[in-house]
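No lab work stands behind these numbers, since they all come straight from the coordinates. Just so it is clear, the structure is predicted and the values come from calculations on it, not from any experiment. FYI the Cβ positions are ideal-geometry reconstructions off the backbone, even for glycines, and counts take in every protein chain you see.
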Amino acid sequence: MRSYFKIDIKGRSIWKICALIALAVFLVCCQFIIYNIQQPATANAGQTITISMRDSAISNVAGTENIIVGILLPKGFNGAQNMTVSYTSTIGNGTMQPISPTIIEPSTSGTTHLNYSQSFMAKFGIGNNLVNDMEWVVFISTQAVNIPNGSFEGTVNFQLKVGADGNTTIFKTAFVNCESTDGLNSGGTPPAPDYGFNNGPRMTVNGPGEFNDLCDPQLTSLVPAKALQNDFVTLTYSEGLDTLNLLKGNNFYLCVDTAYTSDGKKLTGFCSQSPKTHLIETSATSNTYMITFWPASFFGLTSSQTLTKMAYHIIDANGNKVGLGDTQSPFIFNYSCE
């Protein structure tokens, strides 16, 4: 929150006015600090868990604001539909609701005009995760809160039904707390954030579906993490994670053992050492190799075929293979939309 005022400047008192303005700029702010996160380390898909976020704030201007919180979750959780949020604080208790995607986050109002979820993603990204299959789920208090000229504390409780997609997912949460006037702005001299941010701990949600590790380094990864046959897909192989040194040399290839289609077909014949399957090192010493391909063309799909899954390895020039977890088991990638 910031206050704005007009001063008529007269004569030699200008230096006094400037000093007062500088002091006001330094003082006028509302700053949040997230200092404690409590969440379970494990849960089962479909289970409702409680996540608690404790924070404190100090304001030098009294005002009426809506409190806003954001939590970073896997997209497959559908957090906005599968979560309720409430808060208790030294200035009152209340409930929260998903914020409208049409509300612009204040720090972007004069530039990029991003909504809160987009702005949180632009500023904080996917936190301590490595796979961009995450989203910021943002809630706003259903009633305005009277914020004092002083300090206050609160606890935000998230009741989250995890694993809506039924998958096993490993990820790390993150949290943002701010209010509706300042959003992600910074105030004071020197500038200090008007918001609070904190990375949360690791969580494993067990389910009967796919295995998705979103926060640990992987031998291979695909971007986008959710793709269809007409999306260009970039596959990355991190040679440094091949701890058993199963592959030799520096020429590596994508070996698709089997591609599966929705009509029950199993497509083979896509495991070879050729320019079509060759992975290119990103730089001379990176030990990271990439290939970008168009699945529909790569597998020669007809207009009536829908790709559902591929099982693949990475091979070297001699045909040595590496698969899931540095074993001979194939990597699996499921083609699906978000």
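See the values below:
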| read-out | value |
| --- | --- |
| Within-13-Å neighbourhood charge of Y116 [Cβ basis; K, R +1; D, E -1] | -3 |
| The chain, helix-only ellipticity at 222 nm - DSSP H runs n ≥ 4, -39,500 (n - 2.57), divided by all residues, nearest 500 | -2500 deg cm²/dmol |
| Per-selection Kirkwood Rh - the chain (Cα, Å, 1 d.p.) | 23.0 Å |
| Net charge over other residues, Cβ less than 15 angstrom from the Cβ of V322 (K, R count +1; D, E count -1) | -3 |
| Compactness of segment 11-210 as Cα Rg over 2.2 N^0.38 Å, two decimals | 1.13 |
| Lysine pairs with alpha-carbon atoms under 16 Å apart, segment 217-334, spacing 8 or more or separate chains | 4 |
| All-pairs alpha carbon distance profile, segment 124-219, 10 Å steps from 0, percent | 12, 37, 29, 17, 5, 0 |
| Ratio of the Cα radius of gyration of segment 54-119 to 2.2 N^0.38 Å, where N counts its residues | 1.30 |
| Cα pair distances of segment 191-309 binned at 5 Å [whole percent] | 2, 8, 15, 18, 17, 14, 10, 7, 4, 2, 2, 1, 0 |
| Angle in degrees between helix 14-27 and the longest Cα principal axis of the chain, rounded to the nearest 10 | 50 degrees |
| Cα centroid of segment 38-78 to Cα centroid of segment 246-319, whole Å | 40 Å |
